[in-house]
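Have a look at the structure below, then the notes.
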Amino acid sequence: MEAHPFKQFLETAMGVPPHQRAALAAALNGVSPLEQTVAVIEAERAPHACPRCRSRRVHRDGQKNDLQRYRCLDCGR
């Protein structure tokens, strides 16, 4: 981008309301809010043990709605 159009873009961006600046920053960084949300959920829900049998032998078992799923190797849940 040329220097003059870039300067105009920056001046326009400075006039964006604060509640829209986060969305603009995310768009410029290439990270969508959905991707951020999925990353947080997957980090918090990393399986430590099976909810049914409490086994720690779990493995990845595909994805649903962009979230990682896991299956217990002992009870199959």
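The values are calculated or read from the model by the stated rules, or taken from the named source; none is laboratory data. These numbers were taken from a predicted model, which means no experiment stands behind them. Don't worry about glycine lacking a Cβ; one is built from the backbone with ideal geometry, like all the others, and counts go over all protein chains shown. The accessibility values were calculated without ligands, DNA or RNA, using every heavy atom of the protein model including side chains. Shrake-Rupley method; radii C 1.70, N 1.55, O 1.52, S 1.80 Å.
Only protein atoms count toward the accessible area here, which uses a 1.4 Å probe; on the chain, the carbon and sulfur part of that area reaches 54 percent. Structure remark: mean-square fluctuation, Gaussian network model of the chain, C-alpha springs under 10 Å; the largest value among ALA26, ALA39, ALA13 belongs to ALA13. Given +1 at the Cβ of Lys and Arg, -1 at the Cβ of Asp and Glu and no other charges, the dipole of the chain around its Cα centre is 740 debye to the nearest 20.
For the chain, the solvent-accessible area works out to 85 Å² per residue, with a probe of 1.4 Å and every protein chain left in place.
Ranking VAL40, HIS59, CYS75 by Cα position along the charge dipole of the stretch 38-77, where only Lys, Arg, Asp and Glu carry charges on their C-beta atoms, puts CYS75 farthest toward the positive end.
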